[in-house]
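Comments concern the structure below.
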Amino acid sequence: MTAVATGSMRQAVSRSVRPSRPLVIGAAAVLLAASAILSLAIGATGISLDALPRVIAGLFDPAIAADPAAIRERLVLLEIRLPRTVLGVLVGAALAVSGAVMQGLFRNPLADPGLIGISSGSALAAVSVIALGDGLLAPVVQLLGPYAVPACSFVGGLVATVVLYRIATRAGYTSIATLLLAGIALGAIASAIIGIIIFGSDDRELRDLNFWMLGSIGGATWPKIVGTLPFFLACLVALPYLSRVLNAFLLGEAEAGHLGVSIETAKRIAMFAVACAVGAAVAVSGVIGFVGIVVPHIIRLITGPDHRVVLPASALLGGALLLVADVGARVIVAPAELPIGILTALMGAPFFLWLLMRRRGGLG
Amino acid sequence: MLTVTDIGVRRGGRWLLQDVSLSAEPGARIAILGPNGAGKSTLLKVMTGEMTPDTGDVAFDGEPLASIPRARLARRRAVLPQSSMLTFPFTVREVAALGITVPAFPLDRASQERIVERAIAVVGLKRLADATFDTLSGGEKQRAQLARVLCQLWACAEQGPAPHLFLDEPTASQDLAHQLAILDVATAHAERGGTVIAILHDINLAAAWADRLVILSEGQVYADGTAAQVVTEAMLADVFRVVLSPGTVPPTAVPFILPQTAVLLEDRALVSSGG
């Protein structure tokens, strides 16, 4: 009697019906395409998507292109909204993939580039440049001009990663626990220093700093995209290797080794890929929270932990989530803009909670 | 052919293993036995390449372990760990498939699925193939991992010679029928020419299953031979600190022990006999 009851209960809780890989990735791609259209169509100027055919026609026909209204439409769509959309996709994908990679590497659902201090390292470097650009760091700003902030942000992320790696590695072996704890400590230190800088700065700078702390993709330009693209691509190139290796890591490091994974090499590649993606993302958009934690978890709840699905689907859904959040950031208090981090948290967190509660209901 | 030569492992000023040598021919079934802390798991880690020894070396078919790249090593040996947990729950079928997809064996999808389904059936988890790992019992988890190991072995075997199989207490959380079934799976692999090395705690099970028993005591090989040569009253007293005379099962004279007649030596008794 007991055995039968237990058996049938287990049938109910443990069977996992998982949608196929193409279905999940396809659905995420459709969501991303829809978000991209939304992002191109909505904005403060009132130009909607039906301007797009005229803009495209104008590229080939000088007569249409010379029309003043067409010039304005082309400017808005191609020089403001399109780069903003492209940047949103890149940043969202980078943050979501970085979260998924860190969670897989650490076998810890809480791991996130924000958590192990990479984002904080980037942000600290950026904030330092903003606050001290007229004084101590003036030579850096003079040398790099408008690229001083993004460049320093990227370097800050890399430095944080290297420092963490040095602290956590003894005799060629990286301790995941030490890495995680050291990351939390470094993140706390970086946040504290950012707080000191905010406290000592005037109003104009404070607003800039707030934007860096909560993020925005409002400053998107083609040169910024071109400048950060190599780093996003470096992360992308590593994904096929990482998806296979991270599946093995979920079994444990020793087991991954038994299955033919070079453990230390895999860790280095994973951390470098994350540093590239996060450094580039923070450099152009500040610290945008929640994408790296929420998106991979949503994908895992739907499809299970196989990284061959989780990584590409997270990239697509991360891009979609960030675009929708950005549309909200533009529209809600138009013509002003909200920091996007507020919206990613407001959108991501309740959905995440709903999924968790639904799952717990299923588990009885 | 596995050759282990003069292995020494020193950690924290203490030798965990010292001067350990053994060799195993293709098709051999070897059980490693010893009391807690004798160095069994350390020796297994050295043989599988998980731990680098301070002295001595390990070779697969004459090729030093240290010079075999990881990816290629996964085609020469498979390892069943003692226990395992998954933070993110794969299903049983997904766990088994990792044995093929992670070493990236160049097999078509149909062959992969055939191997995975056969492995799940062999370990008796067909009914739970779609169950997630976190809902399994300890014994079922261990058998799901065994299915993964079998996938790796069989995928290897399709590409070349039968690889080495290392098992760390494969019977620990299993009922009697599953203990015997798991050792039958190991025997089947040995009969195909693979070398099987298993850490076992049950002396009777080891004597009944293995061709050779290697007894480890305080990091050194105390005895290495057939069950009849090795399972003796002297060994049981010296290594396991138990006074017990083994019997034998006719007609093959495989020794067995009955714990009912055992007397613990003073240094191993948790309860003082003097009251």
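Data overview
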item	result
So B:ILE30, is it open to solvent by less than 20 Å² (accessible area, probe 1.4 Å), touching an Asp or Glu at 6+ places or on another chain (Cβ under 8 Å) and under 17 Å from B:VAL4 (Cβ atoms)	yes
Any hit, the stretch A:107-114, residues being assigned to a helix (DSSP H, G or I) and open to solvent by 10 Å² or more (accessible area, probe 1.4 Å)	no
Boolean, B:PRO81 is in contact with a strand residue (DSSP E or B) (Cβ under 7 Å, 6 or more places away or on another chain) and modelled with pLDDT under 90	no
Condition broken by B:GLU94, with the remaining ones in (1) in contact with an Asp or Glu (Cβ under 9 Å, 6 or more places away or on another chain); (2) at the interface with chain A (Cβ under 9 Å from one of its Cβ atoms); (3) outside any helix (DSSP H, G or I) satisfied	(3)
The stretch A:251-267 residues that are at the interface with chain B (Cβ under 7 Å from one of its Cβ atoms), paired with ones that are open to solvent by 10 Å² or more (accessible area, probe 1.4 Å) and assigned to a helix (DSSP H, G or I) (beta carbon under 7 Å, 6 or more apart)	A:GLY257/A:ILE263; A:GLY257/B:ARG70; A:GLY260/B:ARG70; A:GLY260/B:ALA71; A:VAL261/B:ARG70; A:SER262/B:ARG70
Residues within the stretch B:1-56 that are without any contact (Cβ under 8 Å) to a residue 24 or more places away in the chain and either assigned to a strand (DSSP E or B) or among the basic types (Lys, Arg) (or both), tallied	4
Top-ranked residue in the stretch A:295-323 [being open to solvent by less than 10 Å² (accessible area, probe 1.4 Å) and under 21 Å from A:GLY279 (Cβ atoms); ranked as nearest to the other protein chains (Cβ to nearest Cβ)]	A:PRO296
Selected residue [over 20 Å from B:HIS178 (Cβ atoms) and within 8 Å of chain A (Cβ to nearest Cβ)] from B:PRO106, B:PRO89	B:PRO89
Complete set of residues in the stretch B:57-76 that are assigned to a loop (DSSP other than H, G, I, E, B) and either within 13 Å of another protein chain (Cβ to nearest Cβ) or charged (D, E, K, R) (or both)	B:ASP61, B:ILE68, B:PRO69, B:ALA74, B:ARG75, B:ARG76
Tally of residues being more than 30 Å from A:LEU246 (Cβ to Cβ) and among the acidic types (Asp, Glu) across the stretch A:304-350	1
Candidates B:GLU113, B:GLU140 - the one that is open to solvent by 50 Å² or more (accessible area, probe 1.4 Å) and more than 10 Å from chain A (Cβ to nearest Cβ)	B:GLU113
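Per-residue answers, yes or no, for (1) more than 13 Å from B:GLY39 (Cα to Cα); (2) within 17 Å of the chain's Cα centre (by Cα):
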| residue | (1), (2) |
| --- | --- |
| B:ALA206 | yes, yes |
| B:ARG212 | yes, yes |
| B:ILE215 | no, yes |
| B:GLU218 | no, no |
| B:ASP224 | yes, yes |
| B:VAL230 | yes, no |
| B:GLU233 | yes, no |
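The values are calculated or read from the model by the stated rules, or taken from the named source; none is laboratory data. Quick caveat, the model's predicted, so the values are computed rather than measured. Neighbour counts run over all protein chains shown; Cβ positions are idealised from the backbone, glycine included. We work out accessible area using only protein heavy atoms, side chains counted, and drop any ligands, DNA or RNA first. Shrake-Rupley method; radii C 1.70, N 1.55, O 1.52, S 1.80 Å.
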